[in-house]
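These notes concern the structure reproduced below.
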Amino acid sequence: MKKLLTLLLAFVMVLSMAACAGGTKDNETTAPNDTQSAETPTKKPTEKPTEKPTEKPTEAPTEAPAEPQREAKLGKFEKDTYTNEFLGIACKLDHAWKVASPAELAKLNGILADATTDEEFAKLLEKTGVAHGFYAMTTDGTITIDLCMENLGKIYGVTLSEADYVKHTIGQIPKALESVGVTDVKTEAVTVSFAGAKHAGIKVTGKIQGVDFYETLVCLKAGSYMTAITIGCAGQDASEAVMSLFTGLKK
């Protein structure tokens, strides 16, 4: 039963992420131009124009060339370690965990293929805006790790911070959870230590059929992409222990 509950929690978070993706995509608009054309004066000024300064004007600073757009990467799981160089993180899991195979991950993302490649992952993000890059669950089914990446687009990819993303997402979570029967939903915006750095996140608690559940969502922004790493726990909160499994990669 707990396995079923934990799986449900993971997919509920997927729904909230999809809703957030739709919101940011639909709201990408160009800011209006507040500067209006000045009216042409009807009379010429009578004052004598001032003489040009003799000093050489300060040259405008040269703008640094724009950084090339980094393409999102799926990451890879080899032996007992998940590594994602694009996000700069790694996660080592022991025999108590079962990691989704490439075929299972492809099925989760709706890709009709035997495996998910970096190219397919990039195309999926371009097409749908949201895709799963990693999924793992303990063998007893009480804890899950879900890595979901969102393509923020050209505007939000530049302007939206991790904290902004939390503000945009947190209000949608209670309604999404309550729609599938979750009660006593509570959310809290937090700052968490994850993979050697501070990140914005969300803590979620609630009950499903009387069973306590806990979720911790950690936001990682890389390029124009936002990744939500969601840790779901049934029965008791083990998110701190799970987050300690993640380390930062040396640059």
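Before moving on, here are some points about what is shown:
- Taking amide H as placed 1.01 Å from N in the peptide plane, the amide H of LEU87 sits under 5 Å from none that are at least 5 places away or on another chain.
- Relative contact order (percent, whole number), the range 94-251, Cα cutoff 8 Å, 6+ residue spacing: 19
- In order along the range 128-139, the Karplus-derived 3J(HN,Hα) couplings, from 6.51 cos²θ - 1.76 cosθ + 1.60 at θ = phi - 60°, round to 9, x, 9, 7, 8, x, 6, 8, 9, 9, 5, 5 Hz, and Gly and Pro are given as x.
- Between ILE155 and GLU85, the simple spin-label model (points 7 angstrom out along Cα→Cβ) gives 3.4 nm.
- Scaled against 2.2 N^0.38 Å for its residue count N, the alpha carbon radius of gyration of the range 135-251 is 1.09.
- Within the range 77-177, all pairs of alpha-carbon atoms sorted by distance into 10 Å bins from zero give the percentages 12, 38, 37, 13, 0.
- Computed E for LYS98/THR191 - FRET, C-beta separation, R0 35 angstrom, nearest 0.05: 0.70
- Length gained when the stretch THR247-GLU78 is fully extended (0.36 nm per residue, less Cα-Cα span): 59.3 nm
- Checking the cross-link pairs LYS73/LYS127; LYS76/LYS154; LYS127/LYS175; LYS98/LYS207; LYS167/LYS221; LYS73/LYS250 against a 19 Å limit on the alpha carbon distance flags LYS76/LYS154; LYS127/LYS175; LYS98/LYS207 as lying beyond it.
- Amide H contacts of PHE134 (H built 1.01 Å from N, in plane; Pro and chain starts excluded): LEU147 sit under 5 Å, all sequence-distant by 5 or more or on other chains.
All of the numbers you see were taken from the coordinates with simple rules; none came from a lab. As the structure is a prediction and not an experimental result, all values here were calculated from the model. In this analysis, Cβ positions are derived from the backbone assuming ideal geometry, glycine residues included, and neighbour counts consider all displayed protein chains.
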